[in-house]
Amino acid sequence: MIAKKWALLIIAILGNEGEKGFNELKRELGCISPKPLSDTLKNLERIGLVSKKVLGTSPPTVKYSLTPEGWELRDHLIPMLVWVSEHGGQDMPGCPIRARKHP
């Protein structure tokens, strides 16, 4: 599942920001369509890397964040993210490079 096109980017963004709504993730990822984003989030939630919180607002607001297992995976991804950053990746559109440790 984590080898799918958007999974690692979503994990990186949630690790950078802590918590994001669906539209915030869509905006930050740029060129992703709603269906692949929704499918990827459901799969990441199913395997325990992302949690979904439904807020009691009107209309209901959904926020996604990393689970402890998601943070653990992200910690292993940081060396790769640093490498990408050192090789100019942060200048590419849709590249969510920022190193932030688990709170």
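The values are calculated or read from the model by the stated rules, or taken from the named source; none is laboratory data. Quick caveat: nothing in here was measured; it's all calculated off a predicted structure. Here the Cβ is made from the backbone with ideal geometry for all residues, glycine too, and neighbour counts use every protein chain on show.
Within segment 32-47, how many residues turn out to be of a type in the set (Asp, Glu) and more than 12 Å from Leu14 (Cβ to Cβ)? Before you say what the answer is, go through the steps one by one.
At the first step, the residues of segment 32-47 found to be of a type in the set (Asp, Glu) are 39, 45.
Still in the running and more than 12 Å from Leu14 (Cβ to Cβ): 39.
The number of residues fulfilling the criteria is 1.
Report yes if Pro59 is over 19 Å from Leu77 (Cβ atoms), in a loop (DSSP other than H, G, I, E, B) and not basic (Lys, Arg), otherwise no. Give the derivation first.
On the way: over 19 Å from Leu77 (Cβ atoms): yes; in a loop (DSSP other than H, G, I, E, B): yes; not basic (Lys, Arg): yes.
Here the answer is yes, as Pro59 does meet what is asked.
Which pairs turn up if I take residues in segment 1-22 that are under 22 Å from Pro60 (Cα atoms) and among the basic types (Lys, Arg) and look for partners that are outside any helix (DSSP H, G or I) and at pLDDT 90 or above with beta carbon separation below 9 Å, at least 6 apart in sequence or on another chain?
Qualifying pairs under 9 Å: Lys20/Lys63; Lys20/Tyr64; Lys20/Ser65.
Just the residues that are among the hydroxyl-bearing types (Ser, Thr, Tyr) and surrounded by 12 or more Cβ atoms within 10 Å (Cβ to Cβ), please, taken from segment 44-83.
Initial filter on segment 44-83 (among the hydroxyl-bearing types (Ser, Thr, Tyr)): 51, 57-58, 61, 64-65, 67.
Result: Ser51, Thr61, Tyr64, Ser65, Thr67.
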